[in-house]
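A quick write-up on the structure given underneath.
The values are calculated or read from the model by the stated rules, or taken from the named source; none is laboratory data. Bear in mind that the values here come from a model prediction, so they are computed numbers and not experimental data. Ideal geometry is used to build each Cβ from the backbone, glycine not excepted, and the neighbour counts take in all protein chains shown.
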Amino acid sequence: MPTIDDVKTIQFQDFGDKRGGLVVIEGSSDNGGTIPFEIKRVFYIYGSDEEVIRGQHANRLTDFMLINVSGTSKVKIVDGDENSCIIELNEPHYGVYIPHMLWKEMYDFSADSVLLVLASTHYDGSEYIRDFDVFIKEFEK
Ligand code: TYD
């Protein structure tokens with residue numbers, strides 16, 4: 001099972017010039033991509049304020065990449081041994097890779113936060129674990 005040591009901050013190439021920024025992320029392929037999975041789904045979270053806590057789940061199958069393309073937020077990640085880390089997402093050319101079977105909570109959203117999420121699967125609600133105790137039990141199996 002993945003642990004907190006498998007969480008990685010990845011810097012993306014920024015082709016920015018005087019016309020503005022241009023950040024490129026490629027899903028992994030035989031040619032070698034920027035992130036370690038093929039991208040099957042993209043969603044983004046915006047309009048959440050500093051009071052809101054999102055996520056609060058683990059995914060049995062899905063790997064994620066989180067990028068604050070605007071503004072800032074924080075993500076707390078917990079593994080099945082209850083080791084945890086908190087990462088601030090505050091640069092459009094930095095992402096956090098979170099493999100499957102890790103608990104995650106996103107919070108402290110700035111008013112201008114747009115949190116882009118790349119996922120390795122199509123949506124399937126049944127692979128979400130939304131109860132922390134169930135997550136710990138499944139991890140121990
Ligand atoms: P939820 O997982 O609670 O969002 P977050 O983890 O960001 O707090 O999802 C909220 C709703 O949106 C829920 O009804 C499921 C739905 N949803 C989809 O249909 N497809 C998706 O890819 C995602 C991420 C959510």
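The table below gives the values:
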| quantity | calculated |
| --- | --- |
| Filter result (of a type outside the set (A, V, I, L, M) and under 18 Å from Lys8 (Cβ atoms)) within segment 34-54 | Thr34, Pro36, Phe37, Glu38 |
| Some residue of segment 101-116 being of a type in the set (Ser, Thr, Tyr), at pLDDT 95 or above and over 28 Å from Gly16 (Cα atoms) | yes |
| Which numbered condition Ile86 fails, given (1) more than 12 Å from the ligand (Cβ to nearest atom); (2) over 22 Å from Glu138 (Cβ atoms); (3) aliphatic (A, V, I, L, M); (4) surrounded by 17 or more Cβ atoms within 10 Å (Cβ to Cβ) | (4) |
| Restricting segment 39-73 to residues that are more than 14 Å from His100 (Cβ to Cβ) and of a type in the set (D, E, K, R), the residue that is nearest to the ligand (Cβ to nearest atom) | Arg54 |
| Any hit, segment 9-17, residues being surrounded by 15 or more Cβ atoms within 10 Å (Cβ to Cβ) and of a type outside the set (D, E, K, R) | yes |
| Residue selected from segment 94-109 under the condition away from the ligand (no atom under 14 Å from the Cβ) and assigned to a strand (DSSP E or B), by the criterion farthest from Ile39 (Cα to Cα) | Tyr94 |
| Considering residues of segment 24-80 that are polar (S, T, N, Q) and in a loop (DSSP other than H, G, I, E, B) only, the residue surrounded by the most Cβ atoms within 10 Å (Cβ to Cβ) | Thr62 |
| Residues (part of a loop (DSSP other than H, G, I, E, B) and either within 13 Å of the chain's Cα centre (by Cα) or over 20 Å from Met1 (Cα atoms) (or both)) located in segment 81-93 | Asn90, Glu91, Pro92, His93 |
| When residues of segment 110-129 are limited to those that are more than 11 Å from the ligand (Cβ to nearest atom) and part of a loop (DSSP other than H, G, I, E, B), the one nearest to the chain's Cα centre (by Cα) | Ser120 |
